[in-house]
Amino acid sequence: MESTLYKAWLQYSEVKNPASRVTYTKLLGNVVVGVEATDDVMDAAIEELALASATMLGLTSQVTTEPTGASYVRIGTVTDAMDWLELAGDHESSASIKQDLKGLSTEGFVLRQIVEKQDSYVLLIGGSSKGVLYGVFHLLRLIAKGVELEGLEIREEPTNQLRMINQWDNADGSIERGYAGTSIFYHNGEITEHLARIKDYARMLASVGINSIAINNVNVHEVETRFITPELLPDVARVAGVFREYGISLFLSVNFAAPMQVGGLTTADPLDEGVRLWWRNTTDTIYRSIPDFGGFLVKADSEHRPGPFTYDRDHADGANVLAEALEPHGGIVIWRCFVYNCMQDWRDRSTDRARAAYDHFKPLDGKFKDNVLLQIKNGPMDFQVREPASPLFGTMKQTNQMLEFQITQEYTGQQRHVCYLVPQWKEVLDFDTHANGQGTEVKRVVDGSVFSMKYSGIAAVSNIGNDENWTGHTLAQANLYGYGRLIWNPECSSEDIAEEWARLTFGNDDQVVGIVCGILMKSWPIYESYTAPLSVGWMVTPHYHYGPDIDGYEYSRWGTYHFADRDGIGVDRTLATGTGYAAQYFPENAAMYESIESCPDELLLFFHHLPYSHQLDSGKTVIQHIYDTHFAGAEEAKQLQKAWSELEGKVDAERYTQVSERLDEQAEHAHHWRDVINTYFYRKSGVSDAAGRTIY
Ligand code: GCU
């Protein structure tokens with residue numbers, strides 16, 4: 001597909017500025033390649049350069065091993081670079097380049113503009129072909145943004161080791177919590193043979209540094225359970241081949257009961273010899289098909305999925321049997337911590353779902369094999385618009401940990417509302433756990449630097465499907481883009497990422513960029529203000545999770561309650577009088593959350609049950625805050641549409657209309673949220689709005 005919708009941030013639009021055009025044309029006209037790495041990833045890097053040169057500059061690049069003129073891009077690995085530097089003899093920058101190349105990780109790259117005798121060229125050196133690929137995408141980003149290359153001096157390495165995407169795609173083509181059409185991987189119970197779209201997806205992911213993907217839903221159904229069998233492995237291997245070219249390793253979500261369901265055994269007990277052998281043989285078979293297979297992603301004993309509890313074993317027993325099978329091949333087990341009682345009686349006030357991950361996993365610290373990683377959702381509940389960071393981060397000092405975000409907007413407007421999530425993710429990454437004293441932010445726990453973990457990183461649930469624009473809402477592309485850029489370097493700011501995405505996606509017209517960034521940056525606070533207040537969460541239509549239904553989950557078995565009555569609202573999670581959840585944090589945070597005075601306003605109802613008359617730090621009462629934020633949020637949602645309308649004629653008609661329609665729907669729907677929430681609380685509390693606005 002050739003549409004602007006489809007090309008997302010890889011538009012490679014024509015460079016219009018005449019001076020830049022001349023410079024870039026000279027450079028990209030000749031791509032000089034090194035000889036050390038001549039693999040598929042290197043080929044993909046060269047192909048990407050050629051594709052971009054063709055559309056940005058109308059150029060057919062010449063690929064050679066020696067320069068054909070005085071201006072060129074020279075790409076290769078560290079070994080290539082050393083040869084080149086030696087041949088060229090010492091020049092002004094060689095010492096500093098050598099310094100940059102020292103210890104460059106396999107995924108890192110160095111980009112330099114070099115002026116040497118008559119030559120002026122760009123040197124792009126990767127720690128391996130993967131580093132080259134990332135460097136190529138970086139260089140193309142600079143060109144697309146119109147950056148002057150003179151004096152270019154960049155050295156980048158990713159902060160996180162595993163930078164992963166989880167697809168929640170099912171073999172029947174549906175996507176759990178997918179809001180952008182059906183799966184690009186599966187159709188009618190089969191793995192697709194149409195690989196072109198998967199290749200474009202791989203390009204998009206590699207362009208932002210993603211290096212691993214699990215291609216099937218964590219809820220592994222019947223057909224997907226058989227992905228690990230000789231019958232279906234050739235199909236899986238085909239998909240792995242596409243991702244391999246872009247430096248992305250493939251993982252599968254597996255069914256813990258597979259030894260029974262496909263192996264014909266009578267048990268899946270992880271300590272049973274037959275089961276252990278079955279996993280070993282099965283894993284050996286997988287590696288015969290996919291030698292660089294990443295490993296298994298596992299949801300066990302969670303929301304009715306099978307797991308070790310059936311056999312009275314714990315999660316360490318469960319994970320270790322898989323780890324043992326993967327170990328000889330260098331594979332890993334990613335074991336999810338999303339484990340809680342989903343059959344709770346709402347009358348039972350002592351059970352608190354938020355406590356569950358910590359209660360289940362903390363006692364197992366040190367018991368997992370070293371090729372097991374625990375994948376922890378960012379918050380203790382489930383991807384709400386606001387939650388505190390999970391207290392599990394940093395508490396398991398002898399266990400590999402990774403973080404799980406959700407890019408797909410399950411609880412944040414389902415890609416019908418705009419909700420740019422990078423600022424939310426940044427808050428989680430910047431949260432100081434105090435695990436190792438002050439300054440032990442979540443980002444330093446999951447990048448493995450604090451506790452020297454063997455494996456670590458970040459995963460997120462994808463938001464793409466086969467809609468032409470991939471993400472349903474065109475502006476939701478920014479979340480996929482932003483996720484990759486942020487986890488490559490968590491120090492990037494949300495604003496810079498938004499701006500970069502806007503430039504690559506819509507071009508360099510400053511008015512367009514300004515408006516798009518404005519919309520993105522306001523969107524999360526706006527969404528928060530017209531939905532569930534003060535982090536109490538939920539209040540959504542059960543099952544679908546779109547639209548207000550305040551008591552939808554209040555008397556259900558899911559453990560997701562707000563406890564609103566005529567006097568107040570919120571969940572008492574204090575140690576003194578509540579569920580004790582607050583005490584799961586390290587002392588500094590436990591104390592902050594325990595006290596109403598020091599608990600931040602925005603998390604107040606997550607930790608405390610408070611009367612409507614309680615005064616917030618802002619000076620408003622809880623009830624007035626609810627009214628004010630809902631009136632303001634619905635109004636601001638309307639303003640988003642107004643801001644976008646200024647771009648008519650400045651953004652191509654297809655994308656303009658598509659976004660316009662979604663923003664219309666959002667404005668209307670925000671109004672609905674506003675009235676439902678305000679009316680509910682007015683009727684419950686009997687307290688009128690101080691500003692006398694209409695509440696029904
Ligand atoms: C949420 C989501 C489910 C999903 C689950 C998970 O509860 O609604 O669809 O399966 O998370 O993360 O496993």
Notebook entry, point to check: In segment 388-427, what residues are closer than 15 Å to Gln375 by Cα and aliphatic (A, V, I, L, M)?
Noted result: Ala389, Leu392, Met396, Met402, Leu403
Notebook entry, point to check: Quick one: Glu499 ticks every box in (1) buried (at least 22 other Cβ atoms within 10 Å of the Cβ); (2) out of contact with any Lys or Arg (no Cβ under 8 Å at 6 or more places or on another chain); (3) assigned to a helix (DSSP H, G or I) bar one, so which box is it?
Noted result: (1)
Check: What single numbered condition from (1) farther than 30 Å from Gly649 by Cβ; (2) in contact with a helix residue (DSSP H, G or I) (Cβ under 8 Å, 6 or more places away or on another chain) fails to hold for Tyr527?
Finding: (1)
Notebook entry, point to check: For Leu610, all conditions in the list (1) under 18 Å from Asp352 (Cβ atoms); (2) out of contact with any helix residue (DSSP H, G or I) (no Cβ under 9 Å at 6 or more places or on another chain) hold save one; what is the number of the exception?
Noted result: (2)
Check: Under 7 Å by Cβ, and 6 or more places apart or on different chains, what pairs join a residue from segment 26-40 that is farther than 20 Å from Arg244 by Cα and assigned by the TED database to the domain that holds Val73 with one that is acidic (Asp, Glu) and open to solvent by 20 Å² or more (accessible area, probe 1.4 Å)?
Finding: Val32/Glu66
Check: When you look at Leu85, is it farther than 15 Å from Ile125 by Cα, surrounded by fewer than 22 Cβ atoms within 10 Å (Cβ to Cβ) and of a type outside the set (Ser, Thr, Tyr), yes or no?
Finding: no
Check: Could you say whether any residue in segment 143-156 is in contact (Cβ under 8 Å) with a residue 24 or more places away in the chain and assigned to a helix (DSSP H, G or I)?
Finding: yes
Margin query: Filter segment 640-656 down to the residues that are over 18 Å from Arg416 (Cβ atoms) and surrounded by 18 or more Cβ atoms within 10 Å (Cβ to Cβ) and list them by number.
Written below: Leu647, Val651
Next item on the list: For segment 674-692, indicate whether the set of residues that are in contact (Cβ under 8 Å) with a residue 40 or more places away in the chain and under 23 Å from Ala478 (Cα atoms) is non-empty.
Entry: no
Check: What pairs can you find where one residue is in segment 366-393 and open to solvent by 20 Å² or more (accessible area, probe 1.4 Å), the other is among the basic types (Lys, Arg), and their Cβ atoms are less than 6 Å apart, with a gap of 6+ or different chains?
Finding: Asp370/Lys454
Item checked: Members of segment 62-81 found to be within 38 Å of the chain's Cα centre (by Cα) and assigned to a strand (DSSP E or B), listed by number -> Gln62, Val63, Thr64, Tyr72, Val73, Arg74, Ile75, Gly76, Thr77
Check: Which residues, taken from segment 241-268, are part of a helix (DSSP H, G or I), under 24 Å from the mean Cα position of the chain (by Cα) and surrounded by fewer than 24 Cβ atoms within 10 Å (Cβ to Cβ)?
Finding: Gly241, Val242, Arg244
Notebook entry, point to check: Just checking, which of Ala357, Ala323 is among the small types (Gly, Ala, Ser), within 16 Å of the ligand (Cβ to nearest atom) and closer than 17 Å to Thr399 by Cβ?
Noted result: Ala357
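Taking the criterion of being within 30 Å of Val512 (Cβ to Cβ), touching a residue at least 40 places away in the same chain (Cβ under 8 Å) and not acidic (Asp, Glu), would at least one residue in segment 452-460 satisfy it?
Taking segment 452-460 as the starting set, the residues that turn out to be within 30 Å of Val512 (Cβ to Cβ) are 460.
This time we only want the ones that are touching a residue at least 40 places away in the same chain (Cβ under 8 Å), so: 460.
Remaining after also requiring not acidic (Asp, Glu): 460.
Yes, that holds for at least one residue.
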Next item on the list: Quickly run through segment 271-316 and pick out the residues that are more than 16 Å from the ligand (Cβ to nearest atom), outside any helix (DSSP H, G or I) and open to solvent by 40 Å² or more (accessible area, probe 1.4 Å).
Entry: Leu271, Asp272, Pro291, Asp292, Asp312, Arg313, Asp314
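The values are calculated or read from the model by the stated rules, or taken from the named source; none is laboratory data. Please read all numbers here as calculations on a predicted model, not as lab measurements. Using ideal geometry, Cβ is built from the backbone for each residue, glycine included, and neighbour counts are taken over all protein chains shown. Each accessible area value is taken on the protein alone, full model and side chains, heavy atoms only, with ligands, DNA and RNA left out. Shrake-Rupley method; radii C 1.70, N 1.55, O 1.52, S 1.80 Å.
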